[in-house]
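Down below is the structure, laid out as structure tokens.
Since every read-out is calculated from the coordinates, none of them should be taken as a lab result. These figures come from a predicted structure and were not determined experimentally. In this analysis, Cβ positions are derived from the backbone assuming ideal geometry, glycine residues included, and neighbour counts consider all displayed protein chains.
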Amino acid sequence: MNAKSIIGKSTVEIKQALEEHLGNGFSPTLAIMFASVDQDLETLGKVVNDAGLELFGVTTNGEFIDEETQKGSVVMLLLDINKDHFRIYLEEYPDKNYKEVAMVLAHKVKATYPNPAFLFGVSHPAADGEEILRGIEEVIGNNVNAFGCGAGDDYAFTETFVFTNDSISNNGLICLAFDEDKVAVKGIATCGWKAVGTEKTVTKSEGNHVFTIDDHPALDITTKYGGLENVQPENKDLLIEIAANFPLQLQREKGDPVMRPPLVVDWSDHSFYTSGSVPQGSKIRFSLPPDWDVMEKVVEGVQHLKETEMPEADALIVFSCAGRILSFGPMMTAELKGIKQVWHVPMVGMFSNSELGRMAGGNLEMHNLTTCCVALKEK
């Protein structure tokens, strides 16, 4: 399949760029769009629909094509993939029944594609992406290829969205399912944040709601460790500071630790919600931001993916945690440029609230402070 990436600061610019790329032998069928919450999502959906494309859309904390990072914009990857080789679904979970909704979705997909791969966008900051993955695995199997992200809202952590041509949800998931017999989908998640201090125990939690750590309110012990002040609802920068600098590392028996920063605080008891499950009784450690060599490790991981599983690709999608650009700043472009140079194909990406994927040697999980790279190749 052929692929092209476009970027614009408004619906008008995106419409113009889309019109410029149509024709001359290029007839895209699928648009993967990452957009700021400040953009007119409904009109963007109509623009894509009028062009005859199907839309997979997620809101962001920043966007990029290649190494060019933006904020408040719209980026889009256009693919002329065979329409029989993919399907888009949007499902909501108003009762927080994440796993059940995912299982129903997986059964729908499996009825169409016996061997599917998945790309997800998850909306609502308190949604438990880990439960969504468990539901997919229960139906499809533990070796399923599934990747994606938690939607963003320019660091507000209040209301995020996923959207298609004609539907928008702030409490649901969007799924792009591929027929993996026709489309190769390979990816890798890489983090690099280093753990410090002694192990602590999660003494009370329910799913992704962490109440206490070593019998202390989760928020209190986290901010005490980080030496943070002004711990109150009026401090709008508190969650960003914790997420970017002092996230929890959930220890695993298999594979690398998984990052679990708080995304939503319950101020009534100083508990918090993370993007993925933190089982009661599990061991955690706090962490510090990574050294600069972590960016090199990400590129090395992607290069290894090419050498071992995906020698050629048609397009590349990158989900990078918003906390990474907060920590790296302008240096983030070095990581993105290195990823781009692995395959030299059109690349589109976003800065997300969380990332879905599998680290080398690990399980399929919801991550944070991680870069997840997904390569596509139509067979």
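Ordered by the number of other Cβ atoms lying within 10 Å of each residue's own Cβ, fewest first, HIS107, HIS367, HIS344 fall into the sequence HIS344, HIS107, HIS367.
When a/c reaches 1.5 or more, the comparison of a/b and b/c decides; with that in mind, is segment 1-131 rounded, prolate or oblate per its Cα gyration tensor? Here segment 1-131 falls in the oblate category.
With helices as the sole contributors, the chain gives -8000 deg cm²/dmol at 222 nm; each DSSP H run of n ≥ 4 counts as -39500 (n - 2.57), and the sum is divided by every residue.
Among 166-177, 300-311, 41-52, sorting by the average number of other beta carbon atoms lying within 10 angstrom of each residue, highest first, gives 166-177, 41-52, 300-311. Using a cut-off of 19 Å between Cα atoms, the listed pairs LYS9/LYS71; LYS99/LYS283; LYS99/LYS194; LYS186/LYS340; LYS46/LYS99; LYS46/LYS110 include LYS99/LYS283; LYS99/LYS194; LYS46/LYS99; LYS46/LYS110 as exceeding that distance. Which whole-number percent gives the relative contact order of the chain, counting Cα pairs below 8 Å spaced six or more residues apart? Averaging sequence separation for qualifying contacts and normalising by length gives 21 percent for the chain. Listed by chain and number, the aspartates and glutamates placed with their C-alpha closer than 19 angstrom to that of LYS377 are GLU54, ASP66, ASP80, ASP84, ASP179, GLU180, ASP181, GLU307, GLU309, GLU312, ASP314; residues fewer than eight positions away on the same chain are left out. Modelled this way, with points 7 Å down the Cα-to-C-beta line, the labels at ASN142 and VAL345 are 2.9 nm from one another. Working note: Karplus 6.51/-1.76/1.60 with θ = phi - 60° gives segment 217-222 the couplings x, 4, 5, 5, 6, 5 Hz, where Gly and Pro are set to x. The C-alpha atoms of the chain define a longest principal axis, and helix 293-308 lies at about 50 degrees to it. The slack between ASN235 and ASP214, meaning 0.36 nm per residue of separation minus the straight C-alpha distance, is 5.0 nm. Taking 19 Å as the straight-line reach from the Cα of LYS224, the aspartates and glutamates in range (excluding those fewer than 8 positions away in the same chain) are GLU199, ASP214, ASP215, GLU234, ASP237, GLU241, ASP266, ASP269.
Annotation: extensible slack from ALA334 through GLU296 equals 12.8 nm (criterion: 0.36 nm per residue apart, minus Cα-Cα distance).
Look at the alpha carbon pairs under 8 Å that are at least 6 residues apart: their mean separation over the length of segment 194-288 gives a relative contact order of 43 percent.
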